[in-house]
2 protein chains.
Amino acid sequence: MNEETFSSYSFLLDRTARRVKQYAQQRFKELGFNITVDQWIVLKHLYEHKELKQNELAELLFKDNPTLTRIIDLLCNKGLTVRNTHPEDRRSFMVSLTRNGVKKVEQLSPKVKDIRLKAWEGLSTRDFNQFKKILNTIYQNLG
Amino acid sequence: MNEETFSSYSFLLDRTARRVKQYAQQRFKELGFNITVDQWIVLKHLYEHKELKQNELAELLFKDNPTLTRIIDLLCNKGLTVRNTHPEDRRSFMVSLTRNGVKKVEQLSPKVKDIRLKAWEGLSTRDFNQFKKILNTIYQNLG
DNA sequence: CACGAATTATTAGTATACTAACAATTATAC
DNA sequence: GTATAATTGTTAGTATACTAATAATTCGTG
């Protein structure tokens, strides 16, 4: 295999990541979830951590602050999250789920899991571990 | 491994794909390439195929028509590509590289290859084949 | 304490991704 | 052959990703 072939990983990676997001987004729409895939990821993490600074959320999700600001704006407009003032740092907000936000996560979680698993048909646990190892290696190589 | 863990592939995939693009984009900037990663992919494919309808290009790259329209607009503004009328179908354009576009691809190709290979440090040909197999399986599962 | 440096979130600007709608053209059906 | 359907590319609108710049606040060092 020459290096040219080798470097085609980036094309496959980009293509696949786009299709995964696109597939999930279409299913979200068909099922009337009324949120985007990225908004879902934010909701899910807030559910698991109760309350987070936008900062911490950005780090967890590997997204930048401006992107987070906008996603949270949208989620607040939908009544799924709230920004509360931070008790000790007036620069920060503590973001958390509203009661509706909690309900949303609990309702959608099993459905999202099914949507995600669709991609994995015909692949094994061993494949999963390999895949994870390679993705993490690439991620760290570029860090 | 439970299914919840299993479905985390999508997060890793998205995260890694973003970092790969981000890394390349930063290097492009540092080295003064003056194009984006996606613009590069279009140039590269045009170099290999001489002349393509936007349609065909979109299919090759797995991008949609509006996205292609805008990328080609930008490349034409930079003097790297041209739209020529299709001899038999007045709806279509034949897109091809200008002389400057050809020069650009030839100058940047080896540099881009090096940038791409950085991600692959510490990984083997066997890893590459595994990775490719898994990405393609996922892609097809969602197709 | 005071001043400069660092941090937090936001805004603005550009690029890409996707959907929907549209105009022009071509293909198809009857 | 003409009406309808399909195709090609574009435009518009929303969402995300990234950079750069900014305002408000906090930290750190003297």
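Coordinate-derived values only; no laboratory data. Model, not experiment: these values are computed from the prediction. When we count neighbours, we look across all protein chains shown, and the Cβ atoms used for this are built from the backbone with ideal geometry, even at glycine.
Structural remarks
- Position B:E106, label points 7 Å along Cα→Cβ, spacing to each other copy in nm (shortest first, one decimal): 6.7
- Dipole moment magnitude, nearest 20 debye, segment B:1-135 about Cα centre, only Lys, Arg, Asp, Glu C-beta charged: 500 debye
- Inter-label distance for B:E48 and A:F11, nm, one decimal - labels placed 7 Å from Cα along Cα-to-Cβ: 0.3 nm
- The mean count of C-beta atoms from other chains within 10 Å of the C-beta of residues in B:104-116, rounded to a whole number, is 2.
- Shielding by partners, peptide B:82-88 (average Cβ within 10 angstrom, other chains): 0
- Sorted from closest to farthest, the other copies place their B:K53 label points 5.5 nm away, with each point set 7 Å from Cα along Cα→Cβ.
- Rounded, prolate or oblate (a/c below 1.5 giving rounded, otherwise prolate when a/b exceeds b/c) for segment A:11-143 by Cα gyration tensor: oblate
- Between A:Q107 and B:Q22, the C-beta separation translates, for a Förster distance of 35 Å, into a calculated FRET efficiency of about 0.55.
- Averaging the Cα positions of each part gives two centres, and for segment B:25-45 and segment B:107-134 these lie 17 Å apart.
- Of the residues B:F128, B:F28, the one with the fewest other Cβ atoms within 10 Å heads the list, and the complete ranking is B:F128, B:F28.
- Extension gain for A:N55-A:R90 works out to 11.3 nm (0.36 nm per residue, less the C-alpha to C-alpha distance).
- For the A-to-B rotation axis, chain A residue with nearest beta carbon and its distance in angstrom: A:A17, 2
- A simple spin-label model places the labels of B:N136 and B:S124 2.0 nm from each other, with each point 7 Å out along Cα-to-Cβ.
- From least to most packed, judged by other beta carbons within 10 angstrom and beginning with the fewest, B:I138, A:I115 follow the order A:I115, B:I138.
- Under-5 Å amide H pairs with A:T98, H placed in peptide plane, nonlocal only: A:T81, A:V82
- Local net charge near A:R90, Cβ-Cβ under 14 Å (Lys/Arg +1, Asp/Glu -1): +1
- Note, ³J(HN,Hα) from phi for segment A:132-138, Karplus 6.51, -1.76, 1.60, rounded to Hz, x at Gly and Pro: 4, 4, 5, 4, 5, 5, 4
- Across the identical copies, how the A:G143 labels are spaced - nm, sorted shortest first, 7 Å along Cα→Cβ: 3.4
- The residue among A:Y139, A:F33, A:T125 whose Cα reaches farthest toward the positive pole of the charge dipole of chain A, with charges on the beta-carbon of Lys, Arg, Asp and Glu, is A:F33.
- Ranked list, fewest to most other Cβ atoms within 10 Å of each Cβ, for B:S92, A:S10: B:S92, A:S10
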